[in-house]
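Peer 1: Pasting a structure below so you can have a look.
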Amino acid sequence: MSDPKTAAIPVVDCGEPLLDVRTEEPFPLDARRRDDPGAYAHLHVSPPEIAPHSTGAAVGLTLVDADGRELDMGTPVNANPEESDGACYSVADGISGRARAHRRLLSDALIAAGLVNYPTEWWHWSYGDRYRALATGAGHALYGPRELDA
């Protein structure tokens, strides 16, 4: 993400309103099952200096079953290459067929929705950030860091 080619891509304001996820509920709880493990996902927001997550342009995703248990994806979310022996890479050797099938299911759904994967992290998906713009040949990104008025 710190590649100069990625950093050089301009961000063009898409006109969507900003929401401070530190203080506001991005999705009303009444819109979800109260026992939904994803209902508190907004509590795990990257700090502003770790864009593109804080801009809304990237998310970390995994799959869960109907009971909210995470499916086998080969590594936990946020595993690093050292602790996972490289299994955190999107296309990694040494993961089970079941984990590979789960990654394929996640990947197929998100690619169809227009997201792109950051290949060193199977869980990292982008839409509208500089990385996606570079990967897809778009002339600009839709989302990026912004200084808030005091």
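The values are calculated or read from the model by the stated rules, or taken from the named source; none is laboratory data. Note that this is a predicted model, so its numbers are computed, not measured. Glycine gets a Cβ as well: all are built from the backbone with ideal geometry, and neighbour counts include every protein chain shown.
Peer 1: Kindly provide the set of residues from region 109-130 that are surrounded by 17 or more Cβ atoms within 10 Å (Cβ to Cβ) and not hydroxyl-bearing (Ser, Thr, Tyr), ordered by number.
Peer 2: Leu110, Leu115, Val116, Asn117, Glu121, Trp122, Trp123, His124, Trp125, Gly128, Asp129, Arg130
Peer 1: Could you tell me which residue of region 83-128 is nearest to Asp65 (Cα to Cα), considering only residues that are small (Gly, Ala, Ser) and touching a strand residue (DSSP E or B) at 6+ places or on another chain (Cβ under 8 Å)?
Peer 2: Ser107
Peer 1: Consider region 87-122. How many of its residues are of a type in the set (A, V, I, L, M, F, W, C) and at positive phi?
Peer 2: The number of residues fulfilling the criteria is 0.
Peer 1: Any idea which of Ser84, Ser107 is in contact (Cβ under 8 Å) with a residue 12 or more places away in the chain, polar (S, T, N, Q) and not assigned by TED's automatic domain parsing to the domain that holds Pro17?
Peer 2: Result of the check over Ser84, Ser107: Ser107.
Peer 1: Residues being assigned to a loop (DSSP other than H, G, I, E, B) and hydroxyl-bearing (Ser, Thr, Tyr): count how many of those fall in region 69-113.
Peer 2: 4
Peer 1: Continuing with the same structure: Count, please, the residues in region 1-17 that happen to be under 22 Å from Glu121 (Cβ atoms), exposed (fewer than 10 other Cβ atoms within 10 Å of the Cβ) and at pLDDT 80 or above.
Peer 2: 2
Residue-wise test of (1) more than 19 Å from Ala57 (Cα to Cα); (2) within 15 Å of the chain's Cα centre (by Cα).
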residue	(1), (2)
Pro76	yes, yes
Arg98	yes, no
His102	yes, no
Leu106	no, yes
Gly137	no, no
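Peer 1: Related question: Considering only residues that are touching an Asp or Glu at 6+ places or on another chain (Cβ under 6 Å) and either among the acidic types (Asp, Glu) or within 25 Å of Arg132 (Cα to Cα) (or both), which ones fall in region 61-87?
Peer 2: Of everything in region 61-87, just one residue is touching an Asp or Glu at 6+ places or on another chain (Cβ under 6 Å) and either among the acidic types (Asp, Glu) or within 25 Å of Arg132 (Cα to Cα) (or both), namely Thr62.
Peer 1: Moving on to the next point. Return yes or no: is Ala138 surrounded by 12 or more Cβ atoms within 10 Å (Cβ to Cβ) and assigned by TED's automatic domain parsing to the domain that holds Pro17?
Peer 2: Answer is yes for this residue.
Peer 1: For Arg103, are the conditions met, namely being more than 20 Å from Val11 (Cα to Cα) and touching a Gly at 6+ places or on another chain (Cβ under 8 Å)?
Peer 2: So Arg103 passes the test.
Peer 1: Let me ask something else. Can you find, within region 114-135, the residue that is nearest to the chain's Cα centre (by Cα) among those that are in a helix (DSSP H, G or I) and charged (D, E, K, R)?
Peer 2: Arg132
Peer 1: Something else: Quick one: would you say Thr75 is at pLDDT below 95, farther than 19 Å from Cys14 by Cα and either buried (at least 17 other Cβ atoms within 10 Å of the Cβ) or β-branched (Val, Ile, Thr) (or both)?
Peer 2: No; evaluated as a whole, the condition is false for this residue.
Peer 1: Let me ask you something else. Taking the criterion of being on the phi < 0 side of the Ramachandran plot and without any contact (Cβ under 8 Å) to a residue 60 or more places away in the chain, would at least one residue in region 123-134 satisfy it?
Peer 2: Within region 123-134, none of the residues are on the phi < 0 side of the Ramachandran plot and without any contact (Cβ under 8 Å) to a residue 60 or more places away in the chain.
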